[in-house]
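The next block holds one structure in the form of structure tokens; read it before the comments.
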Amino acid sequence: QVQLVESGGGLVQAGGSLRLSCAASGITFHLYTMGWYRQAPGKQRDLVATISSSGTTQYADSVKGRFTISRDNAKTTVILQMNTLKPEDTATYYCNAVHRQLGNRWGQGTQVTVSS
């Protein structure tokens, strides 16, 4: 059974930091591109950051220089380090695992709230 379990969300003041973690099971983790997406109420789900199986990273312009995505293939975990948080970062953050042939998987989401 495939599972992506996010943790690390919470309430933080603007300028603060949070570290999101996604633990994956049931997939051949090192083959997948892993990513973080976010969705604010009434808005579409948007890409935050991705990291490919080879370690290539991609970031949304709004988070470049503030967020860092990393992966640990041995621990089948992907991390999103979020620094200098802003109120507009408030959203539910979702972990994603995608592979062209093996499929697309989502976690259940973790809430991040940044107060001004």
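The values are calculated or read from the model by the stated rules, or taken from the named source; none is laboratory data. All values derive from a computational prediction rather than experimental measurement. We place every Cβ from the backbone using ideal geometry, glycine too, and count neighbours over all the protein chains shown. Note: accessible area is taken over every heavy atom of the protein model, side chains too, but ligands, DNA and RNA are not part of it. Shrake-Rupley method; radii C 1.70, N 1.55, O 1.52, S 1.80 Å.
Miscellaneous remarks
- Residue-by-residue Karplus 3J(HN,Hα) for region 7-18, coefficients 6.51, -1.76, 1.60, Hz, glycine and proline x: 8, x, x, x, 9, 9, 7, 4, x, x, 10, 9
- Summed over the residues of the chain and divided among them, the accessible surface reaches 53 Å² per residue at a probe radius of 1.4 Å.
- Built amide H within the under 5 Å cut-off of G16, gap 5+: L85
- Placing unit charges on the Cβ atoms of the charged side chains and taking the dipole of the chain about its Cα centre, the candidate lying farthest along the positive direction among A49, G16, V98 is V98.
- Beta-bridge orientation, the chain: approximately 90 percent antiparallel, per DSSP, counting only bridges with both partners inside.
- When only alpha carbons are used to place a centre, region 42-64 and region 67-108 end up 8 Å from one another.
- Over the chain, Cα pairs under 8 Å with separation of 6+ residues give a relative contact order of 35 percent.
- In order along region 49-60, the Karplus-derived 3J(HN,Hα) couplings, from 6.51 cos²θ - 1.76 cosθ + 1.60 at θ = phi - 60°, round to 7, 9, 9, 7, 4, 8, x, 6, 10, 9, 10, 5 Hz, and Gly and Pro are given as x.
- Between the amide H of T90 and those of V114, distances stay under 5 Å, these residues lying 5 or more places away or on another chain, with hydrogens modeled in the peptide plane.
- Amide H partners (placed H, <5 Å) of G109, local residues excluded: E6, C95
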